[in-house]
Amino acid sequence: MTISFRPLVAGDLAQLHEWLEQPHVRRWWRDPSTYDDVVAHYLPSIEGSDPSDHYVIVVDGRDAGMIETYLVSDYPEYDELVQVGEGVAGVDLLIGEHDLIGRGIGTETLRRFADEIVFARPQTKACVAGVEIENAASLRAFAKAGFEPVREYEEEGKPHRLLRRER
């Protein structure tokens, strides 16, 4: 299995919208629900006016999902919630293609993305993710990718576990 990443472009937003509408994604990823909402939410980062970086996950030549990274300090409200300090990047991912879930792709994606993209910035000393405690599959994928539990917190009324991987 080969996994690679390419920057999300405006032409990918229809596919991203379809992935976000999949029941296995929608359960955990509560982003905008209409295509216009998806464009309004993601186009600023594509155009460079939002500090998040979004990538399409490509598995064996097939677009499979999306992964994002950002410096936690660029989002003061989230930074205050998780309190991880300077030089820490956040990461979130979704596997949009239903037939690709449960095959270890999330774990390998997280490993490679952290090594190739997140830690390519020399100032990034660690990578974190906040995962809903009920999302056992995601918690396992992050653990297998070298992320360790730090603490639990509540976000949007739901308990989350903060996971961290050092450089």
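Using a/c under 1.5 as the rounded threshold, could you call region 112-167 rounded, prolate or oblate? The axes a ≥ b ≥ c are square roots of the C-alpha gyration tensor eigenvalues, and prolate needs a/b larger than b/c, oblate otherwise.
prolate
Mind listing the phi-derived Karplus ³J(HN,Hα) values for region 115-126, rounded to whole Hz, using 6.51, -1.76 and 1.60 with θ = phi - 60°, and x for any glycine or proline?
5, 8, 10, 4, 8, 5, 7, x, 6, 8, 9, 7
Going 7 Å from the Cα of GLU152 in the Cα-to-Cβ direction, what parts of region 99-131 have a backbone nitrogen less than 18 Å from that spot?
Only 129-131 fall inside the zone, counting backbone N under 18 Å.
Would you calculate a helix-derived [θ] at 222 nm for the chain, using -39,500 (n - 2.57) for each DSSP H run of n ≥ 4 and dividing by the full residue count, to the nearest 500?
So the calculated ellipticity at 222 nm is -9000 deg cm²/dmol.
Please say if the chain is rounded, prolate or oblate, where rounded means a/c under 1.5 for a ≥ b ≥ c the square roots of the C-alpha gyration tensor eigenvalues, and otherwise the choice is prolate for a/b larger than b/c and oblate otherwise?
rounded
Can you check how the C-alpha radius of gyration of region 1-93 compares to 2.2 N^0.38 Å, as a plain ratio?
On the way: Rg = 13.9 Å, N = 93, 2.2 N^0.38 = 12.3 Å.
In units of the 2.2 N^0.38 Å rule of thumb, it is 1.13.
Fewest to most neighbouring Cβ within 10 Å: what's the order for PHE113, PHE119? Show your work: numbers first, answer last.
Numbers: PHE113 22, PHE119 17.
So the residues, fewest neighbours to most, are PHE119, PHE113.
Read the figures in this text as sums done on the coordinates, not as results from a lab. Keep in mind it's a predicted model, so treat the numbers as computed, not measured. Neighbour counts run over all protein chains shown; Cβ positions are idealised from the backbone, glycine included.
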